[in-house]
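In what follows, a single structure is set out as structure tokens and then discussed.
The values are calculated or read from the model by the stated rules, or taken from the named source; none is laboratory data. All values reported here derive from a predicted model rather than from experimental measurement. Cβ: placed from backbone, ideal geometry, glycine included. Neighbour counts: every protein chain shown. Accessible surface is based on the protein model in full, side chains and every heavy atom, while ligands, DNA and RNA are left aside. Shrake-Rupley method; radii C 1.70, N 1.55, O 1.52, S 1.80 Å.
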Amino acid sequence: MEPRGAPASPSATALESWYQDYLAEDPTEIRARSAVVRAVEADDLDDAEIEQHIQRLVPTTDIDYGVGFCAKCRHVLDNWPDLRAKDRMCAVARPLHTCEIEAAARSGCKFCAFLLTRLKVEGRLATFRKIERRLHLVNDSGTAAFMIEEWCPGTSLLWINYPLKMAFHCTHAETAKFESHVMPPTAGRLWQQDLDPVEVAQRWLATCLSSHEHCRFERQQQQQHERPSRLIAINHDTGKVKLVSTASMDTLPPYASATINLAASWTRSVHDSLFSLESPLAQKKNKTAAAVSQNINSGGFCARVTRPHLASTTTCIQTFHSHSVYEECVTYTPLARRAWALQEKLLAPRTLHLGTGGGRGDRLFWECRSSVGSDSLPDGFPGRLGAAYLVCGRGVGRGGWNWLHIVEKYTATSMTLSGDKFPALAGIARAEQVAATAAALGDNDNRYDQYLAGMWRERFLLQLGWWVALKRERRRPRPREWHAPSWSWAAVDGLIRFSPYWEDDELVGRTMEFLRVVDVWTTPAGPDPFGAVTGDELTVACEGMVCGWLVVEGHDDADGAVVLGEADWTETRQPVRVDRLSGRREYFSGLLDCRGDDVRPDEALYLMPIFYGETGASTSIVGIRHETADTNKEEKGKNHEIKEFEQWGVEGVAKEVVGMVLQCCGGVGAKGRFRRVGAFRMSHASFPITDL
């Protein structure tokens, strides 16, 4: 019997059964949802015992404080594996145990601190420790392994395998993935200097002002077109603050336009002080091991890496960081979740994000039109860094932003008032129009692309192919107050996704459109064409629509319904039944925009295809469920039985049809008038084009 207070353990029989199942689990298939992993979630951990184990390991850890790495990590960096051979895709860098890397991290190892942080951020640390404990109970000393794969010259992908499991390709692993890039010879060497956060920020700003052409161009453009309407004047003698209008000023005082935007990314209260003693700008970095032991979170690091296997031993500087470090430290912060904050971030030529790092380790994050850096990697990130392209991707001669990316990031934020959806985006839309038109037509041309309720007249049809991405958000009711036309993404609340065509000119050129816009207009609520709207109309000429009926669970038609592309039945992804002219009955998956559109099972819906084109992905074999009109009910109930099986795109480019699900508006004189209630995407082979 275990002593009182000891963590609960499975019985010996259950433990042995789990152990055999765990050993048999395919290393390329093991995931957090796997049964052998979910089985350990109910286990309890003895935190006191784990802490004692870590404390016993700390004195035995060999740390070189000159470089900040333990002996095992130094060995990896000094003997980087040779992965150039075709038959050697990856290598085991080192085995690791979670208590061992935490002891090394507390002692000052930057690499171990980073590995520990990745396990924490991804929520896998407790799972790994529970698996380690079970393996210990069956006297198996196996551990996890840290792997390296050469992705391309100068870029390595790294990950941590589950204990005892060896996934030899990054696509087969899911835990603690990150990457390493060789720094160019021209990169700075701030990472080698003992600088406090204020000094690092000053270096970033000085470099940007003196040598970033794109940022200087952006600054000149802002000074030509923008003039702040109000300024805050601070009397340094008395400390009094007052609001001053610039309308009566002939010339603006120095620094009247922002040189840098300060974002308190992790501030949760208006009472928090940006420059308080707890602020990262006011804190000095202490490089001693004692300081490291108090804050072992790491957002990344730089290190010298040696490749002794080459003819002449090569040493280079490499960065180590997660591909999502930008999102973790900038995008997923409380401030970034506010819709109004997006345009403050994108319109500023440069932004310094201040925060706690949210457990990721980076308390400072810098971004301008030319570079991105953090306190962990002050010299920047050589590889493409997640969503940082929204800021860095906009430079001289490049026109505006990618609008689809803007909408996707914007709709991921929160807004108190739905009526502010357009005003909170107006600044970005105005800048996008000016920048895109200037790049295409020249600075002196006044013809701007027309802005229509969050969309643009250019490539308008392709923008109609949006859908609400998250299931839980499709369950939300439609906003009570009308503030956008149903064909606009702004009509609903939730994260919006688009098909990839609009951002790829080559794919757009090969797209076939089923619609032609006859007329489209919106009525602005005020003088700002980018603000709220009060009315709209979209008139299209189409090749045809397919009439169908929504299939509701429990209804007679539901017995034989199959949802293409999703196994489970939800209230927001429901099949639409179509009776083909040939007599064959088919079911197509439709994504309802939101709940509460009062769509009845006996009410006709219309599938209107918008365009057809390549997805840019490779194809696979897809089975399509067909039924004949005289199929009996018993046969229809066998959902997994396929009466006919069509294959499409076995070897080639995947193609799909994207469209809208429409509902008749009803009422006198409403013939031919519809509103959008959903969207669909399906294989070009499965869409009944002949029934249009």
query: For region 97-248, what Kirkwood radius comes out of the mean inverse Cα-Cα distance, in Å?
result: 20.8
task: Determine the share of region 45-94's accessible area contributed by carbon and sulfur atoms, expressed in whole percent, with a 1.4 angstrom probe.
output: 50
query: How many nm separate the modelled label positions at residue 413 and residue 518, each set 7 Å beyond the Cα in the direction of the Cβ?
result: 3.8
- request: Would you check the accessible area of residue 538, probe 1.4 Å, heavy atoms only, in square angstrom rounded to 10?
  value: 40
task: Using only the Cα atoms of region 85-139, build the gyration tensor, take square roots of its eigenvalues as a ≥ b ≥ c, and label the shape rounded, prolate or oblate: rounded if a/c is under 1.5, else prolate if a/b is larger than b/c, else oblate.
output: oblate
- prompt: With labels modelled as points extended 7 Å from the Cα through the Cβ direction, what inter-label distance (nm, one decimal) is found for residue 51 paired with residue 15?
  reply: 2.5
- prompt: Near residue 17, within a Cβ-to-Cβ distance under 14 Å, what is the net charge of the other residues, with Lys and Arg +1 and Asp and Glu -1?
  reply: -2
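Assuming R0 = 60 Å, what is the FRET efficiency of residue 209 and residue 137, from their Cβ-Cβ distance, to the nearest 0.05?
Efficiency for this residue pair is about 0.50.
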field: 17 Å cut-off, amide nitrogen to a point 7 angstrom out along residue 482 Cα→Cβ, residues in region 498-538
entry: 520-526, 532-538
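Tell me the per residue accessible area of region 78-207 using a 1.4 Å probe; a whole number in Å² is fine.
Ligands and nucleic acids excluded, the result is 41 Å² per residue.
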field: Label-to-label distance, nm, for residues given as residue 33 and residue 323 (7 Å Cα→Cβ offset)
entry: 1.9
